[in-house]
1. Return the FRET efficiency for the residue pair ASN39, ALA131: r is the Cβ-Cβ distance, R0 is 35 Å, and the value is rounded to the nearest 0.05.
2. With label points built 7 Å along Cα→Cβ from the Cα atoms of THR47 and GLU86, find their separation and express it in nm.
3. For a Förster distance of 25 Å, can you work out the FRET efficiency between the beta-carbons of ASN55 and GLN159, rounded to the nearest 0.05?
4. How do the peptides 90-97, 78-85, 50-57 rank, highest first, by the average count of neighbouring beta carbon atoms within 10 Å per residue?
5. What's the ranking of 67-75, 160-168 by average number of surrounding C-beta atoms within 10 Å, highest first?
Amino acid sequence: MRKILILLSVVGILSILFSCGSSQSGSSVVQPSGAQKVNVYVLRKSTDPTPDWVNRKWSIGKDENGNKVIYLVVEAERPTKEKAEEEIEGKKSEVLATVIKERTTREYATAKSGMLNDSSELDTYFEETIASLSRNVDTSGAVPLEDYWEQIQETQGEQSKQYFRFVRKYQLSYDRFQKALDQAFEPVAKKIPPELKEKSEKVLDTLRNAE
């Protein structure tokens, strides 16, 4: 009986020791260096609350006359509001090219579905064009509609910086957007073999008519 009591006492003591050791181990985990959190503060903004359109890269809608249009949202971040606004104008073409790439990549997959195996032969031509789309697409008809800006402060540990985020919403007629898309695909149309012309036109028609 005495041996049993002694054995139980030893087990109890060991349990307490292991429990304490486990707790100490868990609390001594060291966070890796260089992993400081970046805190972002909006010090000022031109409109409060922030308009919904600010964080939408592009969308399709209708103007005041009921005509179909595409809205492009272009933004820039610079040390001053004036410099950020200056940079906006030069980034329109880049944004439109990105929109065409995204739209084309998505719709191309839909357009070629249901085709025969030879649709894979079109992949090379279309994918090359999508990948090589330049920033030099025509945005001459883009009309500025709204502006929004924020003064932002970022802190990380003892480091801190301030800058301005300037965002502008443009309206572009859908006809002009389609023209830009067609111009982007002119090179691919010239490369496609005659036997694939019909299929490529079906793909382009789907891109033109996509919502």
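1. 0.40
2. Here the modelled spin labels are 2.6 nm apart.
3. Once the sixth-power term is evaluated, E becomes 0.40.
4. 90-97, 78-85, 50-57
5. 67-75, 160-168
Where a number appears in this text, it was derived from the coordinates with a stated rule and is not lab data. Predicted, not measured: the structure shown is a model, and the values here were computed from it. Positions of Cβ are backbone-derived with ideal geometry, glycine not excepted, and every protein chain shown enters the neighbour counts.
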